[in-house]
Amino acid sequence: MHEGLGRAVIAVDVGATNLRVGIFDLSASLLKVEVTRTPRSGGRDAVADLIKHIADNMLRSLGIRHVVGVGVGTIGPLNIREGVVVNTPNNPIRTFRLKAPLEEFFDAPAYVVNDCVAAVWGEFNAGSFRGAKNMVYITLSTGIGAGVIVDGHLLLGKDGNAHEVGHITVNYKYGVRCGCGGIGHWEAIASGANIPKFAEEVSKNWLGSKTVAYFLACKGSLTSEDLFKYWRLGDEFATYVINELVEVNAAGLGSVINVYDPEVITLGGSIAINNTDFIEKVIESVSKYAINRMPKISLTSLGEKAVLIGAAYLILNTPEELPKIQGSTHQ
Ligand SMILES: [Zn+2]
């Protein structure tokens, strides 16, 4: 191995489906990125072991010998003091360590936060609204979550779960149960994973035309991709479900505005990024649910890399709140 570039930051996005590992230089340029499937079996170090393997190969190929730090944005929930994912509903491994094994292997400090917390830190440092002191990043994806900055401070909470906005109750009538056990939660109705269940629930009382989307929904197999496709084709049932989802998302966003009073809300996640026509309808409906002055609402300018870029900034510009709650065992 030659001396090469010398120093770099490892950034990691541990998603429900995909694991992204990136190497950034100290001026925040992404040198290399690799995307693979997040491990769904193995022990408590299975995820960290794969990160170590991938990052180590990337460092070698780039000729980098010194890792300044490792930033991780991950699916939750977290024990943020330990940097451990605890009992996550989104991966059968359930509980896995990230901070300790990564610090030990790379001989550098590692910081681990919720993926949306990383993403809002990415927005704060590198997004098109950087500089705004009050911002919220929301992902509409397999799940629904947020990262929040108020008065320039990154909100973390006692366990690192300060902003589980996906579990805001937005509708008490539909009996759809959330992965957390609650009823009527934003995520239970409008997340990618739960849209088929919600559409099935709507189909039970449907009195309109029995369309293609309706028959798929009856079987619980109207996926979010199907739903958006049939909506664009003018399917009556799909249009009804979409209109319900517009209001549910608008109510969720309205609650976020009322609670955090942001200047800016940026939206990420596959449902938002892949369905801009739907998101425009959601944004049009938000104001009737908000009491606070409306913020700007737009898609993230960082695209699918929002979490990864934010993870890099956990090291490049460490939020002052983080070392207090997640002190590095590495020194
Ligand atoms: Zn819930």
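The values are calculated or read from the model by the stated rules, or taken from the named source; none is laboratory data. Given the structure is predicted, the values throughout are model-derived calculations rather than measurements. Virtual Cβ from ideal backbone geometry, glycine too; neighbours counted across all protein chains shown. We work out accessible area using only protein heavy atoms, side chains counted, and drop any ligands, DNA or RNA first. Shrake-Rupley method; radii C 1.70, N 1.55, O 1.52, S 1.80 Å.
Within region 164-177, restricting attention to residues that are open to solvent by less than 70 Å² (accessible area, probe 1.4 Å), assigned to a loop (DSSP other than H, G, I, E, B) and free of Cβ contacts under 8 Å to residues at least 60 places away in the same chain, the residue that is nearest to the ligand (Cβ to nearest atom) is V176. Checking each residue in region 7-34 for being loosely packed, with under 14 Cβ neighbours inside 10 Å and basic (K, R) picks out only R7.
Within region 71-108, the set of residues being outside any helix (DSSP H, G or I) and more than 21 Å from L155 (Cα to Cα) comprises N87, P89, N90, N91, P92, I93, R94, T95, F96, R97, D107, A108.
The set of residues in region 35-44 being open to solvent by 40 Å² or more (accessible area, probe 1.4 Å), within 16 Å of P101 (Cβ to Cβ) and of a type outside the set (G, A, S) consists of R44 alone.
For every residue, the table says whether it meets (1) among the basic types (K, R); (2) free of Cβ contacts under 8 Å to residues at least 40 places away in the same chain; (3) over 21 Å from V170 (Cα atoms).
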site	(1), (2), (3)
L222	no, yes, yes
T239	no, yes, no
E247	no, yes, no
L253	no, no, no
I265	no, no, no
G269	no, no, no
V282	no, yes, no
S285	no, yes, no
Y289	no, yes, no
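Residue count for region 116-146 under the criterion of being basic (K, R) and on the phi > 0 side of the Ramachandran plot: the result is 0. I'd like the residue in region 202-220 that is touching a residue at least 24 places away in the same chain (Cβ under 8 Å) and crowded, with 22+ Cβ neighbours inside 10 Å and, out of all such residues, is farthest from A16 (Cα to Cα). Checked region 202-220; the qualifying residue farthest from A16 (Cα to Cα) is A213.
Out of L50, L102, report the one residue that is of a type in the set (A, V, I, L, M) and open to solvent by 40 Å² or more (accessible area, probe 1.4 Å).
Going through L50, L102 in turn, the sole match is L50.
With respect to the conditions (1) touching a residue at least 24 places away in the same chain (Cβ under 8 Å); (2) among the β-branched types (V, I, T); (3) within 16 Å of the ligand (Cβ to nearest atom); (4) open to solvent by 20 Å² or more (accessible area, probe 1.4 Å), I144 falls short on a single one, namely (4).
Quick check, is V113 assigned to a strand (DSSP E or B), of a type outside the set (K, R), open to solvent by less than 20 Å² (accessible area, probe 1.4 Å) and on the phi < 0 side of the Ramachandran plot? Answer is yes for this residue. Among the residues that make up region 184-195, is at least one of them over 25 Å from I325 (Cα atoms), away from the ligand (no atom under 16 Å from the Cβ) and open to solvent by 40 Å² or more (accessible area, probe 1.4 Å)? No, region 184-195 contains no residue that is over 25 Å from I325 (Cα atoms), away from the ligand (no atom under 16 Å from the Cβ) and open to solvent by 40 Å² or more (accessible area, probe 1.4 Å). If you check S270, S298 for being at pLDDT below 95 and open to solvent by 20 Å² or more (accessible area, probe 1.4 Å), only one passes: S270. Of all residues in region 301-331, exactly one satisfies the criterion of being in contact with a Leu (Cβ under 8 Å, 6 or more places away or on another chain) and over 18 Å from L154 (Cα atoms), namely K305. Note on region 84-107: residues that are over 21 Å from R37 (Cβ atoms) and among the basic types (K, R) total 1.
Output the residue which, of all residues in region 184-228 that are in a loop (DSSP other than H, G, I, E, B) and among the hydrophobic types (A, V, I, L, M, F, W, C), is farthest from the chain's Cα centre (by Cα). Filtering first and then ranking leaves L207. Given the conditions (1) more than 13 Å from the ligand (Cβ to nearest atom); (2) open to solvent by 40 Å² or more (accessible area, probe 1.4 Å), which single one is not true for C180? If we test C180 against (1) more than 13 Å from the ligand (Cβ to nearest atom); (2) open to solvent by 40 Å² or more (accessible area, probe 1.4 Å), just (1) comes out false.
The single condition among (1) within 16 Å of the ligand (Cβ to nearest atom); (2) not assigned by TED's automatic domain parsing to the domain that holds T266 that A108 does not satisfy is (1). Name the one entry in L253, L227, L222 that is in contact with a Pro (Cβ under 6 Å, 6 or more places away or on another chain) and aliphatic (A, V, I, L, M). Answer to the selection: L222.
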